[in-house]
1. Does segment 48-63 hold any residues that are closer than 19 Å to Ile100 by Cβ and either assigned to a loop (DSSP other than H, G, I, E, B) or among the polar types (S, T, N, Q) (or both), and which are they?
2. Within segment 119-149, how many residues turn out to be under 16 Å from Cys56 (Cβ atoms) and assigned to a strand (DSSP E or B)?
3. Based on what the data block shows, is Ser75 without any contact (Cβ under 8 Å) to a residue 60 or more places away in the chain, among the hydroxyl-bearing types (Ser, Thr, Tyr) and part of a loop (DSSP other than H, G, I, E, B)?
4. Hey, among the residues in segment 1-52 that are among the small types (Gly, Ala, Ser) and modelled with pLDDT under 70, which one's nearest to the chain's Cα centre (by Cα)?
Amino acid sequence: MPPLSAPRKSKQKSIIYLTFFLLLAIPLVLYGIAQENFDIRRRAFQDLQLSDEHQCLISFPHVSPYSLQEGSSVSVQVDGRIKDDYAKELVIYNSQGEVIHSETFDTLKTEFQTNFIYTPEISGKSEISGRVINGQNGIIECQITSPFGIQGLQIVPKNTAPEFLSKPAESIPSQNLKTGDV
């Protein structure tokens, strides 16, 4: 009678790894089939929807509007759905009333989505507002939207590296550093 040999440990490990992989992969595949897409980035502002009350919304799809850095460019998205009319023109303003984006629609659009680049110049609290001029020359206000329920923007100063004025050999080690100390 020939001796029986036990399966190799590497073969056992492979079977265990394959089993764990399948157990973890099955829920992901089922989720993807149910959602029709694995990409969940689009749903970041899913709770904020256009309505009859809010026909034009301004959002910051890739960053938080409460920590925009002065001098750094960010993408701004404007969505609109005009009830019982169409959009002719879109104008977006900063806090100082300067036009930061304007667009004229060549075709009669009841719905639109546009993106533009915005670079905040002054740190502190700020606002962006906009207006859509409809076909009857009426004005529809655009509002900043956020899933956090806070309105407006917060522009933070440009972050720079600290500058050390003392020489390392002459410095006294301390854990109590304060802004502006020399």
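1. Pass one, segment 48-63, residues closer than 19 Å to Ile100 by Cβ: 56-63.
Selection gives Ser59, Phe60, Pro61, His62, Val63.
2. Qualifying residue count for the region: 13.
3. On the way: without any contact (Cβ under 8 Å) to a residue 60 or more places away in the chain: yes; among the hydroxyl-bearing types (Ser, Thr, Tyr): yes; part of a loop (DSSP other than H, G, I, E, B): no.
So Ser75 fails the test.
4. Per the criteria, the residue is Ala44.
The values are calculated or read from the model by the stated rules, or taken from the named source; none is laboratory data. Here the structure is a predicted model, which is why all the values come from computation and not from measurement. Reconstructed Cβ throughout: ideal geometry from the backbone, glycine too, with neighbour counts over all protein chains shown.
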